[in-house]
Amino acid sequence: MKSNMALFLIVLGAFVTGTAELVVGGILKMISDDLNVSIGAAGQLITAYSLAFAIGTPIVVSFTSRVPRKTLTIASLAVFIAGSLVAAVSTGYAVLLLSRAILGVSSGVFAVVAFSAAAKLVPPEQTGRAVGMVSFGVSFSTVVGVPLGVLVAGWWSWQAIFLLLAALSLVVLAAMIRLLPAIEGDANVPFKKQFAVLRNPVILSGLFLSFGFSTSSSLMNTYMVPFVQNVLGLKPAYLSVLLLVIGAFGLAGSRAGGVGVDRWGTRRAVSFGMLASAASLLLLPALTNALLLGVGLIAVWTFAMSLAIPAILTYFIQQAPQSSNLVLGLNTSVLHLGVAVGAAGGGAIADAAGTVLYHPLAAGLIALAGFGAGLVSFSLGRRRGGHGLKAKQEGAI
């Protein structure tokens, strides 16, 4: 019962931090008008968050690898509260930019520790479900947290969103101090030897899998709205309904991914998710003005993409059980790098082609390339006896 409550608190924390990451995209105009900066400058608030998340997370995680997970979870959430409060009282662009960097690092560390801690709170045969639940919390922030945040901003102000996030985080923090059990950190490995994990071909090829997955997802997600409106012919009045339906499929996929890992294994779950994602994307360009079929394929893609997330994360945990926090931190950086590359690549394609018709095709091919990297990682892992990476006390990773 206590482990279930601890897992619930971790999922709730993932929901709150996930909301902080995504909500700014919906309030850029409010921030731009309030701080008298351009939309482009306001958009850099997202860049600051992502860069801090991608660069700061693995550094902090590596330095704190032996810190007990409960201590690090609580510390990261405390810093997140501080960052939210700084954002809430910001009256200038520079301070708000700084707050986004603080939120990026603290959210990144919390995410890594959350996935790792969730896996350690349950028996090995339930690892996939636990990781899937945390992934569900992040997905739920997209479906509920972000729209709710935008609604709060419309009622009061954009600063109120960060006050609300700080308040919710404080409640979670107090509950974690009381209810979260002690969870040990990673193995005692010297700092310089921790990054030797990148010399392991199983992990390295797995990171290319993550990069392909994230780049593909970002390329399509960033230009989803123009695609459904300009290519499939969706009327603007129905856009919110579509996003709600897609979000529901994403939640279902996150849950199915966790269960699927425990039933089928990570390799099969990752393979199914990547192949189903690629197939759905590659078929989309052929459905010009076929609204219902196109929306159906997008729903399938969202489900498969969400299913693959907990499977990929669990795969890394299994390959590096003694250094799971470090590997998850590196994977988190790679995922955010993929988001940036996918968004930039999508913009280049749109400018060159003058249309978003070919975005699903490009995203599908990238997903296939990522799956190819995954096959390499799976094959290398089998040759090593299926044990992945075993970090020993002397640091032989």
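The values are calculated or read from the model by the stated rules, or taken from the named source; none is laboratory data. This one's a predicted model, so the numbers in the text were calculated from it and none came from an experiment. Neighbour counts run over all protein chains shown; Cβ positions are idealised from the backbone, glycine included. Accessible surface areas use protein heavy atoms only, side chains included; no ligands, DNA or RNA. Shrake-Rupley method; radii C 1.70, N 1.55, O 1.52, S 1.80 Å.
Quick look at the values:
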read-out	value
K29 - accessible surface, heavy atoms, 1.4 Å probe, Å² rounded to 10	120 Å²
Length released on extending from R199 to R263, taking residue separation times 0.36 nm less the Cα-Cα span	20.0 nm
Exposure of I102 as accessible area (Å², to 10), given a probe of 1.4 Å and all protein chains	50 Å²
Prolate/oblate/rounded label for the range 66-159 (Cα gyration tensor, a/c 1.5)	oblate
Residue order for I55, I161, I74 - accessible surface, 1.4 angstrom probe, largest first	I55, I74, I161
Surface share of carbon and sulfur [accessible, 1.4 angstrom probe, percent] for the chain	70 percent
Stokes-Einstein translational diffusion, the range 38-88 - Kirkwood Rh over all Cα pairs, 0.692 mPa s, 37 °C, in µm²/s	261 µm²/s
Over the chain: helical MRE at 222 nm, DSSP H runs n ≥ 4 each giving -39500 (n - 2.57), nearest 500	-25500 deg cm²/dmol
Count of Lys pairs (Cα-Cα under 18 Å; at least 8 positions apart or interchain) in the chain	8
Relative contact order of the chain, defined on C-alpha pairs under 8 angstrom at six or more residues apart (%)	25 percent
Residue-wise HN-Hα coupling along the range 301-313, computed from phi with Karplus coefficients 6.51, -1.76, 1.60 (Hz; x: Gly, Pro)	4, 4, 4, 5, 5, 5, 5, 6, 4, x, 5, 5, 5
Pairs of Cα atoms farther than 21 Å apart, the range 205-339, %	43 percent
Overall Cα dimensions of the range 209-250, principal axis frame, Å, largest first	36, 22, 11
Solvent-accessible surface ranking, highest first, for F316, F8, F140 at 1.4 angstrom	F8, F140, F316
D (Stokes-Einstein, µm²/s), Kirkwood Cα radius, the range 260-324, 1.002 mPa s at 20 °C	168 µm²/s
GNM top mover of W155, W301, W264 - the chain, alpha-carbon springs below 10 Å	W155
Charge dipole magnitude, Cβ of K and R +1, D and E -1 - the chain, Cα centre, debye nearest 20	1180 debye
Ranked order, Y49, Y238, Y358 - accessible area, probe 1.4 Å, largest first	Y238, Y358, Y49
Solvent accessible area, Å² - T91, 1.4 Å probe, full protein context	130 Å²
Compactness relative to 2.2 N^0.38 Å, alpha carbon Rg of the chain	0.95
Candidates V138, V109, V37, ranked by Gaussian network fluctuation over the chain, Cα under 10 Å, top entry	V37
Diffusion coefficient, µm² s⁻¹, Stokes-Einstein with Kirkwood Rh over alpha-carbon pairs of the range 12-116 at 37 °C and 0.692 mPa s	236 µm²/s
The range 315-377 shape via C-alpha gyration tensor axes, a/c threshold 1.5	oblate
Within-14-Å neighbourhood charge of R263 [Cβ basis; K, R +1; D, E -1]	+2
Highest-MSF residue in the chain out of A276, A153, A182 [GNM, Cα springs under 10 Å]	A182
Set of the range 205-231 residues, backbone N closer than 14 Å to the point 7 Å along the Cα-Cβ line of A286	none
